[in-house]
Amino acid sequence: MPYEAVIGLEVHVQVKTNTKMFCGCKNEYGGEVNTHVCPVCLGLPGALPTPNEQAIVKTIAAGLMLGCDIAPICKFDRKHYFYPDMPKNYQITQFDLPLCLNGGVLLEKFSFPKDVQKEEQALAGKKVRLTRIHLEEDVAKSFHFEDQSGIDFNRAGTPLMEIVSEADMATPEEAFAYLTTLRQIMVYGDISDADMEKGQMRCDVNVSVRPVGQKEFGTKCELKNLNSISGVRRALQYEIPRQIEVVSKGGIIRQETRRWDDAAGQTFLMRIKENANDYRYFPEPDLLPVRTDCGLKAEAETMIPELPSQKKARFMQTYGLSDYQAEVLAQERPLADYYDEALKTSIQGVLIANYIINDFLATNPDLTNLPIPASHFGELAELVGSAKINSKQAKEVLLEMFSSHQSPLSIVQEKGLEQVTDLAELEIFCDEALAANERSVADYKSGKMGAINALKGYVMKKTKGQANPGVIDEILKRKLI
Amino acid sequence: MSLYQETIASLRRKLTAKEISPTELVQSLLQRIESVDPKVNGYLRVDSEKALAQAKNCDLSKPLGGIPIAIKDNINEKGEECTCASQILVGYQAPYDATVIRKLKEAGAILLGRTNMDEFAMGSSTEHSSFKKTSNPWKLDHIPGGSSGGSAAVVAADEAIASLGSDTGGSIRQPAALCGCVGLKPTYGRVSRYGLVAFASSLDQIGPFTKTVEDSALMLQAIAGQDHYENTSRPVAVPDYTASLQQPVKGLRIGIPKEYFGEGIDHDVADALQKSIAWYQSQGAIIKEISLPHTHAAIAVYYIIATAEASANLARFDGVRYGHRTSTVGDPLTIYRKSRAEGFGPEVKRRIILGTYVLSSGYADAYYNRAQKVRQLLRRDFVTAFQECDVLLTPTSPTPAFKAGEKMNDPLKMYLADICTIAVNLAEVCGISIPCGFSSNQLPIGLQLIGPHFQEGTLFRAAHAYEQAHEWVKRHPQF
């Protein structure tokens, strides 16, 4: 009997704000332990929360980018459980009135793992529906030593979005594509840096299996300790066959939490969920409900950037890039911004795209801190486009740009690469070429168009390669009529 | 009259006229504390050196410059222990000032010491303090009321010129009535709760104990106002409260809610109240009998909402970061259980268990969620009443102070001590208790005036007129 998997994801994303969710402490990754703390985020007696407007606006912006309905009024609730990393022993979160409802994530071809992008299966175009997005406070971080534990409260109170998907995914690759797209949107909207290694984006996976055709879900397992998007894929690649193996042999899947061990390539039982936790939610009395429809939503709307898919379309339509080029440039916000920046210096879109994709990216630059000003690529494209240098010289300039970070103009001047563009001089060389190559002239006139190359070669030789081939071509053709 | 017996208003006149110095005043109070507090036990801690140092440096140009004030031990004062009269917070030193403390300091007040209370403000007699029993200054074997019993007793016994307390269901007004002083519970959102150790967040409000209504107005003036550290404090302008004192009560519409004058009201209390009503009538006030029809549900609603919120608010006291930690070594759960079992007293435990229960899955709808709905009905009762009345007049407590130990084994009886005050917190309106007589056995009786949201000025107007026409505040307990 064939089985299929049903996958739903709960993704936590730290919101990039100046200060924490309910106090004025810096929201910053790292820092010496327990230095970004105050009575509020330490949960000291008498301290009270005040909501961070920037976090609310960014969460609304995330919801708008994901096509969610924004609640006109939302509120915060207390969720109770005792744990040392939670200083109040309740978490301020949103229970029944979250900021965002519904919406979805459209899976595009390029979001799938590279090795399956070329496969024939119908990958792209699927929409994974979202249930909700709510805003809450992150907990502190525990450290366990040999015979004691320590808690760093720097992270306690960081604004955290929880993005809950419907169980709409069926394969590890779809989960991968979902997370890739979600991450891309978070970074694009400047909602979060969404770095999974830094814990800025964290993912819990719910997965079950069922016979194909069955409507009811099987019993799900929750997977934890997933530290990368590819790790989520690997964990599912292990877990789905494991569950299928159990049920196909007549076994029963218990509702349990399993820990993914990336090194071992397996999931291991953490705990069995016998009965649901009673979190005793109730509305947070220290915080007034928040209206989003008098200003907050409007502010969020002004933050929405051009989304990757829109950017890609613009790159193709306006600058004539190929699907592939546009995709590569649009995928990461810093690169897309970089490309747009380069275009301010030159409108040679395809040339710039070629240089960035084929030459620059080949050097594996750090996208968050690109070493070369974008305008240099524009400058180079201008030099080539206006026939100041030829494409062979452009390659030389690129190499020099990457090593010395100098501007193309100064490199060209320094190396004396500037093409001979003195037309009068070129006319003379062309006349010489015609006179010295009667055979080629005759061949050309009899229809062998390729014969012109010998004439061009002659002129290039005379100019030591510094003439623009296009210009020579033009002069020769005029003279050969 | 000794300096310690005087009011803020009279002392401020003497201080600014340089007739007396703040140091003299503080010394007078410290001597008074030394002689009577061993009997009253209103203070948990008095730091005389610190008080004298403040007296030396205080700015007399400020509205409360040089005035010594006592603070209930659940309000954070930087560098001071803040125990809430609980073993679980023994040794906990506040690392920051509550907003009201910051405001009092800015107003030039001298912080004299920390007063006793029922543990975490849970109780009506201050007998639930884990440290000591406070006596009623008028009869030492009687309770001072609670939970702010220490703050009421020290003002009544002239051991402080004024004090701060907190009122969740009557914890300022009831002890004020029982000790014969003035106690104000401001409108919810009028005074910042930042730095008040929370009992029930949607009901708690800080307010002053004073000897006169005028002093109450001066204190509220200093501590009221929106606070950007406190989301539920409201952006309502703070009026000049002393300006409302001189307005006559002629034409004032006073509602008498019939539900507050039924069964269980002590004969002396009923008598004193009738005389007060007659006085207001004689002054040209319009007396109207009205109804607050959901009053009967107030106690039940209160003990669901307050305990639910308390069960969450007190979860942080777990022995991990501060306060009492068990000496037992074990996993976190063991440390939580042991520390809390050792650190909390029986009344606090009872309320945490009640609150946990009413929020539990399967019970929340029947208890917590239903209580919230009834709370709205109670609130509406008051809003409706205030469409035809300017203030409401009721007893503050159904009886004068009772004997220590009398209700300790009957929590339900103890809960009924707040029957006249609780609905005011649930409706988030303001209330003041002022002395209105003495019982046949010479214990003070209080009358409560209740005003609409943010209309403390009306309370002061009605209360001040009454106070000026009577001699009650001129009496002081004898030791």
Here are some residues: A:Val139, A:Val187, A:Val105, A:Val128. Which one is at negative phi, touching a helix residue (DSSP H, G or I) at 6+ places or on another chain (Cβ under 6 Å), surrounded by 17 or more Cβ atoms within 10 Å (Cβ to Cβ) and free of Cβ contacts under 8 Å to residues at least 60 places away in the same chain? A:Val128
Scan the range A:142-182 residue by residue and report those that are assigned to a strand (DSSP E or B), buried (at least 24 other Cβ atoms within 10 Å of the Cβ) and among the aliphatic types (A, V, I, L, M). A:Leu160, A:Met161, A:Ile163, A:Met169
Give the residue, chosen from B:Glu214, B:Glu259, that is touching a Ser or Thr at 6+ places or on another chain (Cβ under 8 Å), without any contact (Cβ under 8 Å) to a residue 40 or more places away in the chain and assigned to a helix (DSSP H, G or I). B:Glu259
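One residue is enough: does the range A:289-296 have a residue meeting the conditions over 30 Å from B:Glu428 (Cβ atoms) and either assigned by TED's automatic domain parsing to the domain that holds A:Val13 or more than 31 Å from the chain's Cα centre (by Cα) (or both)?
To start, the set of residues in the range A:289-296 that are over 30 Å from B:Glu428 (Cβ atoms) comprises none.
Checking the range A:289-296: not a single residue is over 30 Å from B:Glu428 (Cβ atoms) and either assigned by TED's automatic domain parsing to the domain that holds A:Val13 or more than 31 Å from the chain's Cα centre (by Cα) (or both).
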Any idea which residue in the range A:359-405 is farthest from A:Gly349 (Cα to Cα), counting only those that are part of a helix (DSSP H, G or I) and among the basic types (Lys, Arg)? A:Lys392
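Hey, among the residues in the range B:341-366 that are at the interface with another protein chain (Cβ under 10 Å from one of its Cβ atoms) and farther than 20 Å from B:Ser202 by Cα, which one's surrounded by the fewest Cβ atoms within 10 Å (Cβ to Cβ)? Steps first, answer last, please.
At the first step, the residues of the range B:341-366 found to be at the interface with another protein chain (Cβ under 10 Å from one of its Cβ atoms) are B:355-364.
Imposing the further condition that a residue be farther than 20 Å from B:Ser202 by Cα reduces the set to B:361-363.
Values: B:Ser361: 12, B:Gly362: 7, B:Tyr363: 15.
Looking at residues that are at the interface with another protein chain (Cβ under 10 Å from one of its Cβ atoms) and farther than 20 Å from B:Ser202 by Cα, I get B:Gly362.
In the range A:169-206, which residue that is basic (Lys, Arg) and over 10 Å from the mean Cα position of the chain (by Cα) is nearest to A:Asn154 (Cα to Cα)?
Result: A:Lys198.
Restricting to the range A:310-333, give me the number of residues that are exposed (fewer than 15 other Cβ atoms within 10 Å of the Cβ) and either in a helix (DSSP H, G or I) or charged (D, E, K, R) (or both).
Step one: filter the range A:310-333 for residues exposed (fewer than 15 other Cβ atoms within 10 Å of the Cβ), giving A:310, A:313, A:317-318, A:320, A:322-324.
Now restrict to residues that are either in a helix (DSSP H, G or I) or charged (D, E, K, R) (or both): A:310, A:313, A:317-318, A:323-324.
Summing the residues that are exposed (fewer than 15 other Cβ atoms within 10 Å of the Cβ) and either in a helix (DSSP H, G or I) or charged (D, E, K, R) (or both) in the range A:310-333 gives 6.
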Can you tell me which residues in the range B:368-380 are more than 11 Å from chain A (Cβ to nearest Cβ) and touching a helix residue (DSSP H, G or I) at 6+ places or on another chain (Cβ under 7 Å)? B:Val374, B:Arg375, B:Leu378, B:Arg379
Flag for A:Arg258 being part of a loop (DSSP other than H, G, I, E, B) and either within 14 Å of chain B (Cβ to nearest Cβ) or not small (Gly, Ala, Ser) (or both): no
Of the residues in the range A:62-91, those that are more than 7 Å from chain B (Cβ to nearest Cβ), in contact with a Leu (Cβ under 9 Å, 6 or more places away or on another chain) and assigned to a loop (DSSP other than H, G, I, E, B) come to A:Leu66, A:Gly67, A:Cys68, A:Ala71, A:Lys75, A:Phe76
Looking at B:Asn231 and the list (1) more than 14 Å from every other protein chain (Cβ to nearest Cβ); (2) free of Cβ contacts under 8 Å to residues at least 12 places away in the same chain, which single condition is not satisfied? (1)
Applying the selection to the range B:89-100, what residues are within 10 Å of another protein chain (Cβ to nearest Cβ), out of contact with any Pro (no Cβ under 9 Å at 6 or more places or on another chain) and assigned to a helix (DSSP H, G or I)? B:Thr99
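Scanning the range A:15-49 for residues that are at positive phi and small (Gly, Ala, Ser), which turns out surrounded by the fewest Cβ atoms within 10 Å (Cβ to Cβ)? Walk me through it before giving the result.
Our first condition is that a residue be at positive phi; within the range A:15-49, this holds for A:30-31, A:34, A:43, A:46.
Narrowing the set further to residues that are small (Gly, Ala, Ser) leaves A:30-31, A:43, A:46.
Values: A:Gly30: 9, A:Gly31: 12, A:Gly43: 22, A:Gly46: 22.
Ranking the candidates gives A:Gly30 first.
Would you check if there is a residue in the range A:437-447 being crowded, with 20+ Cβ neighbours inside 10 Å and polar (S, T, N, Q)? Step through it out loud before you land on a result.
We begin by selecting, within the range A:437-447, every residue crowded, with 20+ Cβ neighbours inside 10 Å; these are A:440-441, A:444.
Add one more test, that the residue is polar (S, T, N, Q), and what stays is A:440.
Yes, the range A:437-447 contains at least one residue that is crowded, with 20+ Cβ neighbours inside 10 Å and polar (S, T, N, Q).
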I'm trying to understand the selection: among the residues of the range A:107-164, which are out of contact with any Lys or Arg (no Cβ under 7 Å at 6 or more places or on another chain) and either of a type in the set (Lys, Arg) or not assigned by TED's automatic domain parsing to the domain that holds A:Asp85 (or both)? A:Lys109, A:Lys114, A:Lys118, A:Lys126, A:Lys127, A:Arg129, A:Arg132
Return the total of residues in the range B:102-131 being surrounded by fewer than 24 Cβ atoms within 10 Å (Cβ to Cβ) and either in a helix (DSSP H, G or I) or free of Cβ contacts under 8 Å to residues at least 24 places away in the same chain (or both). 4
Could you run through the range B:45-79 and say how many residues are within 14 Å of chain A (Cβ to nearest Cβ), buried (at least 21 other Cβ atoms within 10 Å of the Cβ) and not in a strand (DSSP E or B)? 4
Pick from the range A:1-32 the residues that are within 14 Å of another protein chain (Cβ to nearest Cβ) and out of contact with any Pro (no Cβ under 8 Å at 6 or more places or on another chain): which of them is nearest to A:Val232 (Cα to Cα)? A:Thr19
Could you go through the range B:317-327 and let me know if any residue there is over 20 Å from B:His453 (Cβ atoms), in contact (Cβ under 8 Å) with a residue 24 or more places away in the chain, charged (D, E, K, R) and within 14 Å of chain A (Cβ to nearest Cβ). no
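Do we find that B:Ile450 is over 10 Å from B:Gly180 (Cα atoms) and β-branched (Val, Ile, Thr) in this structure? Before the answer, list the steps.
Values: over 10 Å from B:Gly180 (Cα atoms): yes; β-branched (Val, Ile, Thr): yes.
Yes; evaluated as a whole, the condition is true for this residue.
Please work out which residue is modelled with the lowest pLDDT, limiting yourself to the range A:271-309 and to residues that are under 30 Å from A:Val328 (Cβ atoms), in a helix (DSSP H, G or I) and among the aliphatic types (A, V, I, L, M).
We begin by selecting, within the range A:271-309, every residue under 30 Å from A:Val328 (Cβ atoms); these are A:300-309.
Cutting the leftovers down to in a helix (DSSP H, G or I) gives us A:300-303, A:308-309.
Okay, now just the ones that are also among the aliphatic types (A, V, I, L, M), so A:300, A:303.
Values: A:Ala300: 96, A:Met303: 92.
So, considering only residues that are under 30 Å from A:Val328 (Cβ atoms), in a helix (DSSP H, G or I) and among the aliphatic types (A, V, I, L, M), the one modelled with the lowest pLDDT is A:Met303.
The values are calculated or read from the model by the stated rules, or taken from the named source; none is laboratory data. Keep in mind the model is a prediction, meaning the values are calculated, not measured. We place every Cβ from the backbone using ideal geometry, glycine too, and count neighbours over all the protein chains shown.
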